[in-house]
Amino acid sequence: MAENGRNRTTSRGTALALTASAMLALALAGPSRAETALSPEEKAAEADSAWTELKPDLFGDRQLVEGTDTIAIEAPKRATDPAIVPVKLSFDPEMDVRKVTLVIDENPSPVAATFEFAQGADMRSLSTRVRVNAYTDIHAVAETADGKLYVTKTFVKAAGGCAAPAAKDPEVAAREMGKMKMREFGTDEAPVHEAQLMIRHPNNSGLQKDQVTLLYIPAHFITDLRVDKGGKPLFSMTGGISISEDPSFRFAYGAGDSGPFHAKASDTEGAVFEKTFTGEQS
Amino acid sequence: MRGSSARNAVCLAIAAMAILVVGPAKETAAAASRFEEIAPGVYARHGLVAEETPENQGAIANIGFVVGDEAVAMIDSGGSVADGEDALEAIRRVTDKPVAYLIDTHMHPDHLFGNQVFKSAGATIVGHRRLPAALAARAEFYKQSMAAQIGPELAGAVSVTPPDETVEDERRIDLGGRTLVVKAWGTAHTDNDLTVFDEETGTLFAGDLVFMDHCPVLDGSLKGWLAQIPDLMAIPAKRVVPGHGPVSAPWPAAIEPERRYLETLAADIRKAIAAGIPLADAVADAAAGESGKWQLFEDYNPRNATAAYAELEWE
């Protein structure tokens, strides 16, 4: 995975360098002007997008349908904090979306998370927070019950979110790891419920270097999460290093099961965190 | 109008003469002379209220030094090797006593990227007990992010230098005839904030526990910061050298604007969380009433609001 990432970057770097030298050779008016005149979006657009290679890696030659309302994505154009970038995914309730892959193209490990929605969960939206390491497209690919794939994307300006040290207060982070909180919200649409699951976890990216040993601090993050309601599965997640510290998942759903929420999460070190939320929690 | 332009012309003429007289070799001396004596034996340099750039050499934090009978203590080393060298030059213009200590008020690059200058000069570097770990986790990131700000040349010259000795709670440093009280705080602006109090003159070097003019920056704990403000205010100082803003201000009045900002931010974010407003929407309106009261507000307030939301939703 890391090797792939490096190769990808190198080949893109070479492509960029070639483009730049071609421009240098051609542009009599002055190459420096041509280079500095590009906005970050133009640079990103000009660079051979990581998506070109990610798409076949992740989805083979399956068709990805663009430009529908099946899945929509919202993220800030410019992140206020690259380590906590809110991303909201919304789904067309008519389309029965059952699986979503969230890809942050330019991150070292691009697949941020894969979510699977249980049959009958009727997921309407799902929000989480991610780390963004460089100016990037964020792609979201939805798979509907009939096996079709739908894609949408947005561009986010942020940098350094993965290498940025996670915990502002590591002592508190260590002490409270595994603590979970569930909040429920009222919604305007009658059959739709909304809730937020929060998990205390450093979700270390594995990209921070210890200056003394010069070794990377090992990645330590939530890999699997499953959320049930009234004993029935609602959704599950397979996560990567791009999910922010203290993972948060806010979701709206139509399933009418009564009974308590139950969440079970496990991390890269094999720790399991589990909680049944009896009654309203906030 | 006329008078002012005439005055400008005179100023320009004087400046031109000064350049002719002093010559280009005195560039560092000019920078060094920006230190002023704010109390007997206490010197401070006003940091620009601005982002770090190659042109300002990262000299955006207020830094200072205290001269005792036997030795000198530097408080914060500046935002680049060049900035640290200017500070050392300033000390040498005042005294040839040894610079026995450099005290780092916290981990941020604008306060300690000049550390190596003072290490080479023989100073013992003193920091918060959590400074070594905080720096170890961030050094790589800081080198990268600072290259983007002060430029690869100035950032490349920096060898991130951790403290030699750390302070658990409080430590008294004797400079001969005057004592500095170094106090380690709980998580506030960062998780490794120190203050330095010169008992002799009642001068408090607050580091970034006190911001003036420059929008406060939250990189630790909003609750922790607010909770410790009464203890900070109880320090019997006459004046404070805030981490950013004027070089000297009356204490404890100087902390009022910051307290108002932090309280407003906390109140707005708590209200949003209670109302179920998601992070992305809450950040836009948080502490909006403080806009216009701070420089660099748009650069730091949204980020502070994001951090505050992530912290306070766990209450």
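Scanning the stretch B:234-245 for residues that are surrounded by fewer than 17 Cβ atoms within 10 Å (Cβ to Cβ) and either under 29 Å from A:A173 (Cβ atoms) or out of contact with any strand residue (DSSP E or B) (no Cβ under 6 Å at 6 or more places or on another chain) (or both) gives B:A234, B:P236, B:K238.
Reported count of residues in the stretch B:83-120, each being assigned to a helix (DSSP H, G or I) and under 24 Å from B:Y142 (Cβ atoms), is 16. The residue that is surrounded by the fewest Cβ atoms within 10 Å (Cβ to Cβ), among those in the stretch B:158-171 that are touching a residue at least 24 places away in the same chain (Cβ under 8 Å), out of contact with any Ser or Thr (no Cβ under 7 Å at 6 or more places or on another chain) and under 18 Å from B:D76 (Cα atoms), is B:S159.
The set of residues from the stretch A:237-282 being among the hydroxyl-bearing types (S, T, Y) and assigned to a strand (DSSP E or B) comprises A:T238, A:S248, A:Y253, A:S266, A:T276. Would you mind stating whether A:F235 is away from chain B (no Cβ under 14 Å), at pLDDT 95 or above and over 30 Å from B:A139 (Cβ atoms)? Spelling it out, A:F235 is indeed away from chain B (no Cβ under 14 Å), at pLDDT 95 or above and over 30 Å from B:A139 (Cβ atoms). Only one of the numbered conditions (1) farther than 23 Å from A:K168 by Cβ; (2) in contact (Cβ under 8 Å) with a residue 60 or more places away in the chain is violated by B:L131, and that is (1). Scanning the stretch B:173-189 for residues that are within 14 Å of another protein chain (Cβ to nearest Cβ) and out of contact with any helix residue (DSSP H, G or I) (no Cβ under 7 Å at 6 or more places or on another chain) returns a single hit, B:A184. Looking at the stretch A:193-200, is at least one residue at pLDDT 85 or above and farther than 30 Å from B:A274 by Cβ? For the stretch A:193-200, residues at pLDDT 85 or above and farther than 30 Å from B:A274 by Cβ: absent.
I'd like the residue in the stretch B:193-220 that is surrounded by fewer than 24 Cβ atoms within 10 Å (Cβ to Cβ) and at positive phi and, out of all such residues, is nearest to the chain's Cα centre (by Cα). Only one residue fits best here, namely B:D213.
Does the stretch B:86-105 contain at least one residue that is closer than 22 Å to B:A148 by Cβ and buried (at least 22 other Cβ atoms within 10 Å of the Cβ)? There is no residue in the stretch B:86-105 that is closer than 22 Å to B:A148 by Cβ and buried (at least 22 other Cβ atoms within 10 Å of the Cβ).
Take the conditions (1) within 16 Å of B:G58 (Cα to Cα); (2) touching a Phe, Trp or Tyr at 6+ places or on another chain (Cβ under 7 Å); (3) of a type in the set (A, V, I, L, M, F, W, C); B:L154 misses just one of them, which is (2). For B:L154, the conditions (1) assigned to a helix (DSSP H, G or I); (2) within 24 Å of B:L209 (Cα to Cα) all hold with the exception of (2). Restricted to the stretch A:52-157, the set of strands (runs of 3 or more DSSP E) holding at least 3 residues that are under 25 Å from B:A310 (Cα atoms), within 14 Å of chain B (Cβ to nearest Cβ) and of a type outside the set (D, E) comprises A:85-91, A:123-130. Close Cβ contacts (under 6 Å, 6 or more residues apart or on different chains) running from residues in the stretch B:172-191 that are farther than 13 Å from B:Y101 by Cα and in contact (Cβ under 8 Å) with a residue 24 or more places away in the chain to residues that are among the aromatic types (F, W, Y) and buried (at least 19 other Cβ atoms within 10 Å of the Cβ) comprise B:A188/B:W225. Residues in the stretch A:170-207 that are among the small types (G, A, S) and on the phi < 0 side of the Ramachandran plot: A:A173, A:A174, A:G186, A:A190, A:A195, A:S205.
Residues in the stretch B:127-172 that are facing chain A (nearest Cβ under 10 Å), closer than 14 Å to B:H108 by Cβ and small (G, A, S): B:A134, B:A137, B:A139, B:S145. Summed over the stretch A:91-118, the residues that are in contact with a strand residue (DSSP E or B) (Cβ under 9 Å, 6 or more places away or on another chain) and over 20 Å from A:D69 (Cα atoms) give a count of 9.
As a summary of the residue check, A:F221 satisfies the conditions (1) free of Cβ contacts under 8 Å to residues at least 60 places away in the same chain; (2) touching a Leu at 6+ places or on another chain (Cβ under 8 Å) except for the one numbered (2).
The values are calculated or read from the model by the stated rules, or taken from the named source; none is laboratory data. Note that the structure is predicted; figures quoted are calculated from it, not measured. We place every Cβ from the backbone using ideal geometry, glycine too, and count neighbours over all the protein chains shown.
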